[in-house]
1. Between Val115, Val135, which is modelled with pLDDT under 75, within 21 Å of Asp31 (Cβ to Cβ) and open to solvent by less than 20 Å² (accessible area, probe 1.4 Å)?
2. Which residue, of Pro11, Pro36, is within 22 Å of Val102 (Cβ to Cβ) and at pLDDT 95 or above?
3. If you go through segment 16-31, how many residues are over 17 Å from the mean Cα position of the chain (by Cα) and among the polar types (S, T, N, Q)?
4. Let me confirm something: among Leu43, Leu35, Leu47, Leu64, which residue is closer than 22 Å to Lys95 by Cα, aliphatic (A, V, I, L, M), outside any helix (DSSP H, G or I) and touching a residue at least 40 places away in the same chain (Cβ under 8 Å)?
5. If a residue must be crowded, with 20+ Cβ neighbours inside 10 Å, among the small types (Gly, Ala, Ser) and under 11 Å from the mean Cα position of the chain (by Cα), how many such residues does segment 32-77 contain?
6. Here are Arg42, Arg69, Arg4: which of them is of a type outside the set (Asp, Glu) and modelled with pLDDT of 95 or more?
7. Taking segment 1-32 on its own, how many of its residues are outside any helix (DSSP H, G or I) and of a type outside the set (Gly, Ala, Ser)?
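The values are calculated or read from the model by the stated rules, or taken from the named source; none is laboratory data. If you're wondering where the values come from, they're calculated on a predicted model, not measured in any experiment. Methodologically, a virtual Cβ is constructed for each residue, glycine included, from the backbone with ideal geometry; neighbour enumeration extends over all protein chains shown. These area figures cover heavy atoms from the full protein model, side chains too; ligands, DNA and RNA do not enter into them. Shrake-Rupley method; radii C 1.70, N 1.55, O 1.52, S 1.80 Å.
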Amino acid sequence: MKIREILTQDPEVIHPESTICEAARKMRQLDIGMLPVCDGQRLVGSLTDRDLTIRAIAEGSDPLSTKVREVMTPEVFYCFDDDDMQSAAQIMEEKQIRRLPVLNRNKRLIGIISVGDLAIRTRDEHLVEEVLEHVCERV
């Protein structure tokens, strides 16, 4: 099964110059824990609720003036829409991440795949169990 068959399409994104307050509000409104950070159509990072907590709030950053680029994770792991789901699962396991941006071969963001997508859309319980085991293990 290819990633394009199970991904969540047209993900919401945030610009690196947006404030972390804007990002947090967007996450709350959409009930999500991660936003891809895009400068135009180019993926430049990711911002998670954990990034906001650990890199911003715990450091005393002002949510109205701190920019997303200051607290985002610049190293982004991703997969391609024509990869098979095992490839995405392997990246999630190795990097211990629950959500993975999906790019087309022109390196444009077209979706997100999450552990939840694997669970709901593949019905491969063994694969989901394995990914969760690795994603949740302590390093």
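1. So the residue among Val115, Val135 that is modelled with pLDDT under 75, within 21 Å of Asp31 (Cβ to Cβ) and open to solvent by less than 20 Å² (accessible area, probe 1.4 Å) is Val135.
2. Pro36
3. Counting residues in segment 16-31 that are over 17 Å from the mean Cα position of the chain (by Cα) and among the polar types (S, T, N, Q) gives 2.
4. Just one listed residue meets the conditions, Leu43.
5. Residues in segment 32-77 being crowded, with 20+ Cβ neighbours inside 10 Å, among the small types (Gly, Ala, Ser) and under 11 Å from the mean Cα position of the chain (by Cα): 2 in total.
6. Arg69
7. Qualifying residue count for the region: 17.
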